[in-house]
Amino acid sequence: MGKAKRALLTGITGQDGSYLSELLLKKGYEVHGVIRRSSTFGTDRIEHLYRDPHESGTRLFLHYGDLTDGNNAAALLQEIQPDEIYNLGAQSHVGVSFINPVYTVEVDALGVLHLLEAIRHCGRPVKFYQASSSEMYGKVVETPQTEKTPFHPRSPYGCAKVYGFWQTVNYREAYGLFACNGILFNHESPRRGETFVSRKITRAATRIKLGLQKKLYLGNLDARRDWGFAGDYVEAMWLMLQQKKPGDYVIATGQTHSVRELLDEAFGLLKLDWKKHVEQDDRYLRPAEVDLLLGDASHARKTLKWKPKVTFKKLVKMMVEADLKLAEQEKILHQAGHRVHKTEYE
Ligand code: NAP
Ligand code: G4F
């Protein structure tokens with residue numbers, strides 16, 4: 001048996017990091033993930049994968065680090081000697097990027113450069129995946145969006161991702177690095193962060209159903225997104241790094257839906273009328289909005305032989321069912337006298 005491939009993931013504690021770790025471990029990889037020091041545990045999404053490091057057979061290893069620290073990137077490469085790096089770490093909330101633009105750029109733009117520089121100087125061939133985003137299309141100049149569609153970012157997050165995209169292309173062209181951009185359109189799951197609109201809706205709808213919450217406050221209901229399932233999308237990331245040549249790929253479903261339609265679907269599954277529960281709140285409006293995203297993943301379909309398996313309806317159902325279970329557990333706690341409270345701030 002050959003030596004197991006070694007992957008290094010930034011953002012391993014995030015939605016995509018957890019699904020990608022599962023996939024790579026199944027494929028026999030040794031997986032190394034970067035985690036940030038925090039005053040509370042932030043490893044819920046990978047708890048089911050983690051084993052005590054002293055246990056034999058452990059293939060998931062965690063290392064402290066931060067994308068803002070270039071020395072850390074170089075040291076991790078030296079220590080781990082990975083074959084593949086997946087850069088999933090980011091301040092990934094578009095709304096928050098308007099509030100913390102400089103920090104967002106330090107992590108989402110310069111963080112990419114730190115990793116590329118570390119690879120360039122490490123003296124080994126390391127394949128690199130950059131988590132680029134459909135947010136780069138912003139004020140879209142054509143629909144659907146492909147790898148050839150020009151970018152027009154509409155947020156500090158979008159601008160930072162454009163920087164990371166071009167620096168990845170640049171290191172590929174200038175230094176011959178095997179570096180790929182996945183231009184991923186919105187992808188969700190029961191593990192999605194609770195302040196992104198899909199999860200905010202499925203969490204609230206299920207809590208409202210069980211009497212744990214009365215209202216849901218949202219921003220722009222007219223925005224349209226191409227929403228897919230995160231579990232499908234991480235497979236495309238891996239496929240990109242298994243090709244003969246590096247490249248850039250749009251990953252999307254080719255269907256677009258409005259936030260309103262997402263509300264119809266989620267509340268509809270619970271036989272609730274969302275109009276009775278949802279109120280608009282200007283706090284959730286952004287200084288500039290991305291009105292419509294719709295991706296054309298023909299290149300990935302043809303070259304990677306990748307296609308999404310989970311439809312919009314199936315995705316919303318999966319999220320509603322998972323959140324209903326969560327709400328039921330909350331209700332038991334609530335009935336036992338525990339305080340069940342959620343802070344809404346994004
Ligand atoms: P996510 O759930 O928000 O996870 C982000 C991850 O980045 C977390 O593990 C977080 O760690 C880590 N992180 C944040 N700041 C960091 C820093 N300074 N140094 C090191 N790590 C840091 O995001 P996701 O949905 O999994 O998305 C993964 C990547 O794909 C991101 O780069 C995102 O911008 C990009 N993307 C996402 C989508 C989407 O629809 N989900 C679409 C296109 C592109 P903590 O757990 O400690 O906070
Ligand atoms: O769920 P969202 O916050 O996702 P957004 O802004 O599209 O960004 C996500 O997808 C990107 C890919 O295109 C990723 F790169 C990025 O990291 C992130 O994962 O918002 C979706 C839409 C927006 O138009 C927003 O204005 O929903 C609208 N919306 C309406 N009310 C809301 C809310 N968004 C949030 N987060 N919270 C609301 O209350």
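Looking across the range 150-170, the residues that are more than 13 Å from ligand 2 (Cβ to nearest atom), surrounded by fewer than 22 Cβ atoms within 10 Å (Cβ to Cβ) and within 18 Å of residue 115 (Cβ to Cβ) come down to 163, 166, 167, 169, 170.
The number of residues in the range 1-36 being within 23 Å of residue 115 (Cα to Cα) and more than 20 Å from the chain's Cα centre (by Cα) comes to 5. Please verify whether residue 217 is near ligand 2 (Cβ under 8 Å from one of its atoms) and over 15 Å from residue 92 (Cα atoms), treating the condition exactly as stated. The answer is yes for residue 217. Looking across the range 197-218, the residues that are away from ligand 1 (no atom under 16 Å from the Cβ) and crowded, with 17+ Cβ neighbours inside 10 Å come down to 204, 205, 206, 207, 208, 209, 212, 213, 216, 218. Looking at the range 291-342, which of the residues that are more than 23 Å from the chain's Cα centre (by Cα), touching a residue at least 24 places away in the same chain (Cβ under 8 Å) and outside any loop (DSSP other than H, G, I, E, B) is surrounded by the most Cβ atoms within 10 Å (Cβ to Cβ)? That would be 327. Of the helices (runs of 4 or more DSSP H) lying entirely inside the range 142-243, those containing at least 3 residues that are within 17 Å of the chain's Cα centre (by Cα), over 29 Å from residue 27 (Cα atoms) and not acidic (Asp, Glu) are 156-175, 197-209. Per the conditions (1) in contact with a strand residue (DSSP E or B) (Cβ under 6 Å, 6 or more places away or on another chain); (2) under 26 Å from residue 246 (Cα atoms), the sole criterion not satisfied by residue 77 is (1).
Of all the residues in the range 186-214, those that are farther than 17 Å from residue 13 by Cβ, of a type in the set (Lys, Arg) and more than 8 Å from ligand 2 (Cβ to nearest atom) number 4. Selection within the range 82-114: residues that are closer than 23 Å to residue 239 by Cβ and of a type outside the set (A, V, I, L, M, F, W, C). The member of this set that is farthest from ligand 2 (Cβ to nearest atom) is 83. Scanning the range 115-136 for residues that are surrounded by 21 or more Cβ atoms within 10 Å (Cβ to Cβ) and either on the phi > 0 side of the Ramachandran plot or within 11 Å of ligand 1 (Cβ to nearest atom) (or both) turns up 115, 129, 130, 131, 132, 133, 134, 135, 136. Condition check for residue 98 on (1) in contact with a His (Cβ under 8 Å, 6 or more places away or on another chain); (2) more than 16 Å from residue 241 (Cβ to Cβ); (3) touching a residue at least 60 places away in the same chain (Cβ under 8 Å); (4) not aliphatic (A, V, I, L, M): one failure, at (1). Each residue in the range 103-114 was checked for being closer than 13 Å to residue 163 by Cβ and more than 7 Å from ligand 1 (Cβ to nearest atom), and 8 of them qualify. Looking across the range 41-80, the residues that are hydroxyl-bearing (Ser, Thr, Tyr) and free of Cβ contacts under 8 Å to residues at least 12 places away in the same chain come down to 56, 58. Of all residues in the range 288-304, those satisfying the criterion of being within 15 Å of ligand 2 (Cβ to nearest atom) and small (Gly, Ala, Ser) are 288, 295, 297. If I filter the range 177-193 for residues that are basic (Lys, Arg) and away from ligand 1 (no atom under 13 Å from the Cβ), do I get at least one hit? No: zero hits. Considering the range 43-134, the qualifying strands (runs of 3 or more DSSP E), each wholly inside and each with 3 or more residues that are of a type in the set (Gly, Ala, Ser) and within 30 Å of residue 223 (Cα to Cα), run over 127-133.
Readers should treat all values here as calculations from the given coordinates under stated rules, not as data from a laboratory. From a predicted model like this one, the values you see are computed outputs, not experimental measurements. For neighbour counting, all protein chains shown are included, and Cβ atoms are generated from backbone atoms with ideal geometry for every residue, glycine included.
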